[in-house]
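*Asks:* Submitted below is the structure of interest, expressed as structure tokens.
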Amino acid sequence: MGVSGDADPSFALTPSGNLRRRLAVSRALVAATVLAAGVAVGVLIILVYFVAQRGASRLSLGFLTKALPLVSFGAVSGGIGPAIAGTVEIVLISTVIALPVGVLAAIYLTEFATARVAKPVETVLEVLSGLPTIIAGIFVSALLVTQSAYAAGVALAIVQVPLIARTSAESLRRVPEALGEAADALGIARWRTLTGIILPTAAGGIVTATILAIARAAGETAPVLFTSSAFGTPYQLNPTQQVPNLPVEIYNLANSQDPAAIADAWGAAFLLIVLILLANVGARLWLRHSERKRGL
Amino acid sequence: MSGWWWPLRGYSARVDPASSAAALAGRTRLTRLNRVDRVASRALRWLALLGALIVSLGLLAIVYQVITGASLALHRFGPGFVGRQQWSPATNQFGALTLLYGTLVTSVFGVAIAAVLGVAIGLFLSLMAPRRVAAVVGPLVEMLAAIPSVVLGLVGIYLIAPFALHNIEAPLHRAFGFIPLFGPPGTVGNSDFTASLVLVIMVVPIIAALTRDIFLTVPRELRDGAEALGATRWEMIRGVVLSTTPSGVVVACILGFGRAIGEAIAVTQVIGNITQVSANLFARGDTLASLIANQFLTPVSALHTASMFYLGMVLFTLELSTILLARYVSRNFGRRQWA
């Protein structure tokens, strides 16, 4: 066939009959997968555009620094300064708790635990990472009773720990075993190997996990809704008190009947979405950069 | 490589040949450095164990607190709480049935749509797209999962709900109104259906990412072999890729379902917050998580609060069962050996 170049009527080069049908089915379904990917990317673009269209014009120095007016009906004034400061504060508290706990748990899993002990700990992390965030909220509100920035930090830490621990463990596992074995062969103490060789090699993944966990915590509403529900207050940074924060602010402003308040919600949502998407892009680039540098 | 790093700085210079020789000879006189190293290594080990313990005890504390919080409702209603339909704070009557129903309807419907989209995207990213296209589209799809639920809910109120009302709910009701599922829509688009659409956006990136990774594990030789035998692209996918990874696809959908049932904020913003069991997909409703989000800060009685903790218990049990189910499926039906 085709060797002599003669046209063989029983083997046409253009599909016909059954083959044509099969190819048509195949092309249609391949096109459907492309369409599905297009829909997902399209939805992302529409979401970001919709928020940007309503929120971008709201951004100004005053909006980013001033507090919300007590009564804003009709007047476009005030801003989300206290909420930004509060979000930074509670995410800081939460990361300070979650980063060491998460990384230590990851080190335990990959470096010390036997398979029998590692399994239940991994299950715990899996359950925690699937835990509905609203349960983290009601848990902390039952545990600490009074609302405060600390309570919100603890609730967000419950969201962050499994993220940090699982990604860190993944990146610790990817450190070539030869590195640790070489250090052992040189008689280097375990803690020096860990802190001096294994952790720095895995640092790219751990930093990425932390950035993603910070971005995640900054946008979480359910854990802070019952632990720091202050809304529309002036600047308030005392961590033993409730602090206003962006997600709760958006949540409350969105339910308002006042067009000015809804405009403020869009402004805050735009700021939040831009920061979170930038953090995600940044974390990805950082991971790629550090993995290339480490030759992983 | 990390010579600047303090644990290793000047370390090799301090190794004492005499003590090494002593150690080799079986004598156990330790240098000061040896002793520091031993304490530090042990301390690090204990610290790491502490981290793992905090995580594990944390989960136990969550379970304990939620059960304790629910104790009042547990005594009052017992296990029958799950089957009680009424949720009325005014008369102190509480039951989980309507909310369980709302949770299952919105999640099942949302995951059904998300599964089709997600698996298609997984196929596109793993088998269809040129590498450069996949490297851009993949992260973009995952970005969908990064959008905070409160922002998604805000867009849900002002874009998705009106869109669903005018372009999907109303036409479907006009055309298929005789089916109870497509009953009369509300006035602003707050409904179980709208909540499902919001959940689709949250679940698609999860299913897409998980299935992509699974499809990538199918050996290239098998795929090439099928195409060399004359299979079309789709026949190759159906015959080689999908038929060898059904458990992975099911697990991805189960995990997506687990994500969907737990979502509180975005759902509470668009579902309408009414505790009723209605076959009508376009009617307002409520879910376990969204009711907690909506009423937890304004309880009318201690029993009301306890009942919400009970709802949390039900939600946690559901979540735990999805994880166990996912494990069971991947353990018993996964890990197919490549011939």
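*Asks:* Kindly list the number of the only condition in (1) within 30 Å of B:Ile292 (Cβ to Cβ); (2) within 11 Å of chain B (Cβ to nearest Cβ); (3) within 22 Å of the chain's Cα centre (by Cα) that fails for A:Ala149.
*Replies:* Condition not satisfied by A:Ala149: (2).
*Asks:* B:Thr305 fails exactly one of the following numbered conditions: (1) surrounded by 15 or more Cβ atoms within 10 Å (Cβ to Cβ); (2) closer than 30 Å to B:Tyr158 by Cβ; (3) over 16 Å from the mean Cα position of the chain (by Cα). What is the number of that condition?
*Replies:* The single condition B:Thr305 does not satisfy is (2).
Conditions (1) surrounded by fewer than 24 Cβ atoms within 10 Å (Cβ to Cβ); (2) in contact with an Asp or Glu (Cβ under 6 Å, 6 or more places away or on another chain); (3) modelled with pLDDT of 95 or more; (4) more than 10 Å from chain A (Cβ to nearest Cβ), marked per residue:
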site	(1), (2), (3), (4)
B:Arg132	yes, no, no, yes
B:Val137	yes, no, no, no
B:Met143	yes, no, no, no
B:Val150	no, no, no, no
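*Asks:* Would you check if there is a residue in the range B:253-273 being surrounded by fewer than 18 Cβ atoms within 10 Å (Cβ to Cβ) and under 15 Å from B:Gly122 (Cβ atoms)?
*Replies:* Checking the range B:253-273: not a single residue is surrounded by fewer than 18 Cβ atoms within 10 Å (Cβ to Cβ) and under 15 Å from B:Gly122 (Cβ atoms).
*Asks:* Restricting to the range B:174-232, give me the number of residues that are closer than 30 Å to A:Arg22 by Cα and of a type in the set (Gly, Ala, Ser).
*Replies:* Number of matching residues: 7.
*Asks:* Kindly list, by first and then second residue, each pair from a residue in the range A:265-284 that is facing chain B (nearest Cβ under 10 Å) and within 18 Å of A:Pro82 (Cβ to Cβ) to a residue that is in a helix (DSSP H, G or I) and of a type in the set (Asp, Glu), limited to pairs with Cβ atoms under 7 Å and residues at least 6 apart or on different chains.
*Replies:* Hits for this filter: A:Ala268/A:Glu249.
*Asks:* Now for a different question. Quick check: is even one residue across the range B:226-249 in a loop (DSSP other than H, G, I, E, B), at the interface with another protein chain (Cβ under 9 Å from one of its Cβ atoms) and modelled with pLDDT of 90 or more?
*Replies:* no
*Asks:* Which residue, of B:Leu59, B:Leu49, B:Leu44, is among the hydrophobic types (A, V, I, L, M, F, W, C), outside the structural domain of B:Asn92 (by TED's automatic domain parsing), at pLDDT 90 or above and closer than 30 Å to B:Leu303 by Cα?
*Replies:* B:Leu59
*Asks:* Shifting gears a bit: Can you name the number of the only condition in (1) within 19 Å of the chain's Cα centre (by Cα); (2) among the aliphatic types (A, V, I, L, M); (3) more than 22 Å from A:Ile97 (Cα to Cα) that A:Leu212 fails?
*Replies:* It is condition (3) that A:Leu212 fails.
*Asks:* Quick check on B:Leu154: is it closer than 15 Å to B:Val270 by Cα, assigned by TED's automatic domain parsing to the domain that holds B:Leu281 and at pLDDT 90 or above?
*Replies:* So B:Leu154 fits the description; yes.
*Asks:* When the range A:177-216 is examined, which residues are found to be more than 10 Å from every other protein chain (Cβ to nearest Cβ) and without any contact (Cβ under 8 Å) to a residue 12 or more places away in the chain?
*Replies:* A:Glu177, A:Ala178, A:Glu181, A:Ala182, A:Asp184, A:Ala185
*Asks:* Among the numbered criteria (1) farther than 30 Å from B:Glu235 by Cα; (2) hydrophobic (A, V, I, L, M, F, W, C); (3) modelled with pLDDT of 85 or more, which one does A:Val39 miss?
*Replies:* (1)
*Asks:* A follow-up question, please. Does the range B:302-339 hold any residues that are at pLDDT below 90 and either in a strand (DSSP E or B) or touching a Pro at 6+ places or on another chain (Cβ under 9 Å) (or both), and which are they?
*Replies:* B:Phe333, B:Trp338
*Asks:* State whether the residues of the range A:183-191 include one that is charged (D, E, K, R), in a helix (DSSP H, G or I), buried (at least 18 other Cβ atoms within 10 Å of the Cβ) and at pLDDT 90 or above.
*Replies:* No, the conditions are met nowhere in the range A:183-191.
*Asks:* Just give me the residues in the range B:210-222 being surrounded by fewer than 19 Cβ atoms within 10 Å (Cβ to Cβ) and not β-branched (Val, Ile, Thr), in sequence order.
*Replies:* Across the range B:210-222, the qualifying residues are B:Asp213, B:Leu216, B:Pro219, B:Arg220, B:Glu221, B:Leu222.
The values are calculated or read from the model by the stated rules, or taken from the named source; none is laboratory data. These numbers come from a predicted model, not from an experiment. Neighbour counts are summed over all protein chains in view; Cβ atoms, including those assigned to glycine, are modelled from backbone coordinates with ideal geometry.
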